[in-house]
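Q: Sharing a structure here in structure tokens format.
The values are calculated or read from the model by the stated rules, or taken from the named source; none is laboratory data. A quick note: this is a predicted structure, and the numbers were derived from the prediction, not measured. Note that we place each Cβ from the backbone using ideal geometry, even for glycine, and neighbour counts take in every protein chain shown. Only protein heavy atoms, including side chains, enter the accessible area calculation; ligands, DNA and RNA are left aside. Shrake-Rupley method; radii C 1.70, N 1.55, O 1.52, S 1.80 Å.
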Amino acid sequence: MKSIKVNQIIYLALFVAILGGVAYFYLQSSKPSYPPPTAVIKAIPRNGLVPVEATFDGSDSSGVAGQALTMRWDFGDGQSAQGVIVDHTYGQPGTYKVTLTVTDRDQQATQDEFEIVALGFRTNTLEIGDTPTSLVKGDFNRDGYLDLAVTTMREGLLTTLLGGPSGEFQINTVSVGRSPGSMAVGDFNGDGNQDLAVLGIVDDVVTVLTGDSEGIFEPVITLATDAFPNGIVAGDFNGDQRQDLAIVSAYINNVSIYLGNGDATFERTSSLPVGNFPNFVTTGDFNGNGYQDLIVANLEEANISIILGQKDGQFAKTQMTRAKLNPTAVAVGDFNEDGYQDLAVINEGSDNLGISMGDGTGVFPYDEKGIQVGRLPHWVTVGEFNQDNHQDLIVVNSDDNNISLLFGTGIGTFEAPIQLSVGVSPFAAVVGDFNKDGMVDLAVTNAADGTLSILWGQGNAP
């Protein structure tokens, strides 16, 4: 009898288990099938200088109506949090991958990822001389490291700083006459070494210095220019594979073309009219015809001059494009990534940066609004700081003793300026990886305190 009772219990247990399994299968099979949720990250700011205080927002994430979602954040620095909107501070430079995991009540999960760059710079200040202004970069001694050249106006000197892996610079000086100003870099004698052309503002000359393989420069020729030469750029304007020069004269309101002979000598061939008191010139191929064109900033007018190049070193009639008050410098880049060159124009009199999008024909519209930067902006240059493959801008603000970093979006717009302190009355800046550590560095001349600020990029390499 006992054995029969045990068997009955076993059979009853089996029956209950089978019935439970059938019920579970029925419930699961009849359960509605929902798509997984979506995860969407918004972040403010997208980039910044440490400490970066960031807000991450997952409110654009979605799931089935009426279902609660769980949101978990991994900030990429070992820290995490939960919530729809969360704040997090990055105290160390680096590129951080932020992950948002959105989970619904059925444990279906989806992720979105976002990279935020926390930039850091270590500043090194070098004593250069009285009133350092113009600044250019190049590999003057051909060792693979970027070097710098600076003119000191009141001392009449050209100072070269030869870079290396340690971040130290070997400094050399050479006399270049009274009040040296803007410079151009090129191989003017065809020996494979980079040479320099330096304007003498007071004496109305350009001094050509040839470089050797050790980065030592020697003045070899001085050419007369028109009155108050205030801007210079090198380029091959006639397509003969020799470097030429374009020089603007602030008192004559023109730009003169000097065609190179390939032996560090030049012949002046033409003079082209521009606006009042031109003080900057640069090049680009703005209409895509294969010939180099010129852009001139006219300080005493609210415009820039556009001069389109033609074959044999000839140029078309000067065109004018509006700018805001007192344009001082122009940077060329492809800011909306459409394959056409665009312009970033610094307007000193309005503390404004104008962005003009080129259409490939050499025409640039006026940027009515622009971007407010610091006080008395004087210089602008292009760089790429946050590894997103979009061009960024550096603006030098002379009255604020700082520079503005503007991150590009790739669609022709820029994020709000981030300020970095430098020396007194900064004048010009160049961008490069001077010590080849994979991080972008900056060099800035400070006219009023006789220094050069080197801002070494820290921890933001990919």
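Q: Using only the Cα atoms of region 338-391, build the gyration tensor, take square roots of its eigenvalues as a ≥ b ≥ c, and label the shape rounded, prolate or oblate: rounded if a/c is under 1.5, else prolate if a/b is larger than b/c, else oblate.
A: It is oblate, given that a/c is not under 1.5 and a/b is not larger than b/c.
Q: Counting heavy atoms of the protein chains only and a 1.4 Å probe, report the per residue accessible area for the chain as a whole number of Å².
A: With the other protein chains kept in place, the chain gives 44 Å² per residue.
Q: Roughly speaking, what is the stretch gain from Glu214 to Tyr34, that is 0.36 nm per residue apart minus the C-alpha to C-alpha distance, in nm to one decimal?
A: 57.8 nm
Q: Here's a follow-up. With contacts defined as alpha carbon pairs under 8 Å and 6 or more residues apart, what's the relative contact order of the chain in percent?
A: Over the chain, the number comes to 11 percent.
Q: Further question on the same structure: What's the whole-number percent of alpha carbon pairs in region 38-109 lying beyond 16 angstrom?
A: 47 percent
Q: Another question, then. If you project the alpha carbons of region 147-257 onto the principal axes, what extent comes out on each, in Å, largest first?
A: For region 147-257, the Cα extents along the three principal axes come out at 45, 37, 22 Å.
Q: What would the Debye formula give as log10 I(q)/I(0) at q = 0.10 Å⁻¹ for the alpha-carbon point model of the chain, no solvent?
A: -0.77
Q: Could you rank the peptides 322-329, 111-118 by their average count of other C-beta atoms within 10 Å per residue, with the highest value first?
A: Per-residue Cβ counts within 10 Å, averaged per peptide and sorted highest first, yield 322-329, 111-118.
Q: Between Ile171 and Asp60, what FRET efficiency comes out of the Förster formula 1/(1 + (r/R0)^6) with R0 = 45 Å and r the beta carbon distance, rounded to 0.05?
A: 0.25
Q: Next question. Dividing the Cα convex hull volume of region 352-453 by residue count, how many Å³ per residue is that?
A: Hull volume normalised by residue count: 112 Å³.
Q: What's log10 of I(q)/I(0) for region 290-435 at q = 0.12, 0.17 Å⁻¹, Debye sum over Cα points only, no solvent?
A: Taken in order of the listed q values, log10 I(q)/I(0) reads -0.48, -0.94.
Q: As a test of understanding, state the convex hull volume per residue of region 245-286 from its alpha carbons, in Å³.
A: 90 Å³
Q: Of all accessible surface on region 363-462 at a 1.4 Å probe, what whole percent is carbon and sulfur?
A: After summing per-atom areas, the C and S share lands at 53 percent.
Q: To continue, here is another question. In nm, what is the difference between 0.36 nm times the number of residues separating Met320 and Glu300 and their Cα-Cα distance?
A: So the chain would gain 5.8 nm between Met320 and Glu300.
Q: Quickly estimate the mean residue ellipticity at 222 nm for the chain, helices only: each DSSP H run with n ≥ 4 gives -39500 (n - 2.57), and the total goes over all residues, rounded to 500.
A: Helix-only estimate at 222 nm: -2500 deg cm²/dmol.
Q: Let me ask something additional. So how far apart, in nm, are the two label points at Thr89 and Ser271 if each is 7 Å from Cα heading toward Cβ?
A: 6.2 nm
Q: Follow-up question, since we're still on this one. Sort out for me the Cα centre separation of region 382-449 from region 202-275, rounded to whole Å.
A: Here the two parts' Cα centres lie 28 Å apart.
Q: May I pose another question? Given 0.36 nm per residue, what is the gain on full extension from Glu113 to Thr125 after removing their alpha carbon distance, in nm?
A: So the extension gain works out to 0.5 nm.
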